[in-house]
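The values are calculated or read from the model by the stated rules, or taken from the named source; none is laboratory data. Note that the coordinates shown come from a computational prediction; the quantities given were computed from them, not determined experimentally. Neighbour counts are summed over all protein chains in view; Cβ atoms, including those assigned to glycine, are modelled from backbone coordinates with ideal geometry.
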Amino acid sequence: MHLVQEGDPAAFEQLYDRHGGASFALAYRMVGDRVTAEDISQEAFLSIWRSRARYQADRGSVRTWVLGIVHHRAIDALRRNLVHEKRRSSADGIEERFEAPESTPVEAGRREEARAVRAALEDLPDEQTRVIELAYFGGFSHSQIAEMLQMPIGTVKGRMRLGLDKLRRSLAAVAA
Amino acid sequence: MSVERHHSQEENVGAYLLSALTEIETRAFEKHLEECPVCRDEIDRLRPAVDALPRSVSPVSAPPSLKQSLMAVVSEEAREARGEPRGEGFARRMREKLAGLSGSMAGMQPGVAGAVASVVLLAGIVAGGAGVYAVTQASDDGGSGGGSRIVAAKVDKTEVPLASGSLVLSDRTKDGAVLRVHGLPTLDSKSTYQVWLHRDGEVISQSLFSVGEDGEGAAAVTDDVENAQAVMITREPAGGARAPSEKPVLSVRL
């Protein structure tokens, strides 16, 4: 990361190689459209390149930083209503539609990690999983979710917080 | 900070972390965070759960064109950051490419200080038939006036699935711009790629170009791009057309 911050394109290429797949997958999961997901990934990585000096190691890992930027870009796209109905497209089968990378130990580890996080998410009460997924992956605001699910805004916010708390505890238990 | 204010904001912790607050609510909550250690601690406590959410998505291979397009922009910006004149890296690469194609280009020099960018249209010998390369010879203003801007192109993936491109705009919009493409299919000798500028409701022809066997090419946008809406590429009969005859295969919105 130090070399990326110094403006070394080769180091940035390595950073892209390491996190590009996860970033594209996240964008695709959110917008459900390949072209828009490419645009979001490209915008996000250009933004990362241009703001590379702002990365602070003590605020979290490079991966968390990169995926956070991709998430914000995808939320922007969703809220600009760029993807309309495509946003409801499911990410099921994405791995079959786009050829999976070679099964290196790193990739295998990430797939295992993905399975563990999905299991923890699915382990939450359904109503908590639903509000978390609609907000994080769907880009919907709390008031939109309240309207969709026909429940008070306070209930939506409460379920978000409870769900995150339970997810945190569950993941901490797995890691321990 | 009042207890009431804390209670009114406390319930927003989860929604804030999930980006589910409106912009106004987000600003209000962030202001509250500045003065509320309890909510700050709660944010820190729950953040690992939110950071884990993107990791629930299995990584996949991103399309190769995404990396090509991204690294083209990054390499260009890195060159500029090293102090090379705007567009010089690109112009040099194009000169090198052209030198490889035609010995007559080997002595081409960069623009002189203060010179307005000139457009040199060269008949290039490209694989698959004769074509025209359009090269903008970058102006050198001694580094004053800031850097160039690079805008990524949108590609019609159904027509040209492997293509990517970007437009390099000078600060001085009158100098026009350079459109770079990668992964475009080569055309037969009866066809050419044509660049158009969409401005003030008009679509104005800019230049014709071909791509090499590697799918790389570049073309000049010779008109002032100020107030233009888009730059586009279409496939046209050799010699070009008076107006686009098909939907653009690649476009850059300005």
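Here are the numbers:
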item	result
Enumeration of residues in segment A:45-61 that are assigned to a helix (DSSP H, G or I) and either of a type in the set (Gly, Ala, Ser) or touching a helix residue (DSSP H, G or I) at 6+ places or on another chain (Cβ under 7 Å) (or both)	A:Phe45, A:Leu46, A:Ser47, A:Ile48, A:Trp49, A:Arg52, A:Ala53, A:Ala57
Residue count, segment B:7-55 (criterion: more than 21 Å from A:Ala74 (Cα to Cα) and among the basic types (Lys, Arg))	3
Filter result for B:Val221 (within 17 Å of B:Ala153 (Cβ to Cβ) and under 15 Å from the mean Cα position of the chain (by Cα))	yes
Within segment A:66-86, considering residues that are buried (at least 20 other Cβ atoms within 10 Å of the Cβ) and out of contact with any Gly (no Cβ under 6 Å at 6 or more places or on another chain), the one modelled with the lowest pLDDT	A:Val83
Candidates A:Ala146, A:Ala173 - the one that is more than 7 Å from chain B (Cβ to nearest Cβ), part of a helix (DSSP H, G or I) and touching a Pro at 6+ places or on another chain (Cβ under 8 Å)	A:Ala146
Failed criterion for B:Ala78 (all others in (1) within 22 Å of A:Met30 (Cα to Cα); (2) at pLDDT below 85 hold)	(1)
Scan of segment A:1-44 for residues that are farther than 25 Å from A:Phe137 by Cβ, part of a helix (DSSP H, G or I) and among the small types (Gly, Ala, Ser), ordered by number	A:Ala10, A:Ala11
Any hit, segment B:23-40, residues being at pLDDT 80 or above, under 26 Å from A:Leu46 (Cβ atoms) and within 11 Å of chain A (Cβ to nearest Cβ)	yes
Residue check for B:Ala62: within 7 Å of chain A (Cβ to nearest Cβ) and either modelled with pLDDT of 90 or more or touching a Ser or Thr at 6+ places or on another chain (Cβ under 6 Å) (or both)	no
Hits in segment B:175-196 - residues which are among the hydrophobic types (A, V, I, L, M, F, W, C) and either surrounded by 24 or more Cβ atoms within 10 Å (Cβ to Cβ) or touching a His at 6+ places or on another chain (Cβ under 8 Å) (or both)	B:Ala177, B:Val178, B:Leu179, B:Val181, B:Leu184, B:Val195
Yes/no for B:Val60 being surrounded by 14 or more Cβ atoms within 10 Å (Cβ to Cβ), among the β-branched types (Val, Ile, Thr) and within 36 Å of the chain's Cα centre (by Cα)	yes
Verdict on A:Ala57 being touching a residue at least 40 places away in the same chain (Cβ under 8 Å), over 25 Å from A:Gly109 (Cβ atoms), more than 8 Å from chain B (Cβ to nearest Cβ) and loosely packed, with under 14 Cβ neighbours inside 10 Å	no
Residues of segment A:19-38 satisfying the condition of being touching a Lys or Arg at 6+ places or on another chain (Cβ under 8 Å) and at negative phi	A:His19, A:Gly20, A:Ala22, A:Ala27, A:Tyr28, A:Met30, A:Val31, A:Asp33, A:Arg34, A:Val35, A:Thr36
Failed condition for B:Leu53, given (1) more than 7 Å from chain A (Cβ to nearest Cβ); (2) under 23 Å from A:Arg34 (Cβ atoms)	(1)
Count of segment B:198-215 residues which are surrounded by fewer than 24 Cβ atoms within 10 Å (Cβ to Cβ) and of a type in the set (A, V, I, L, M, F, W, C)	3
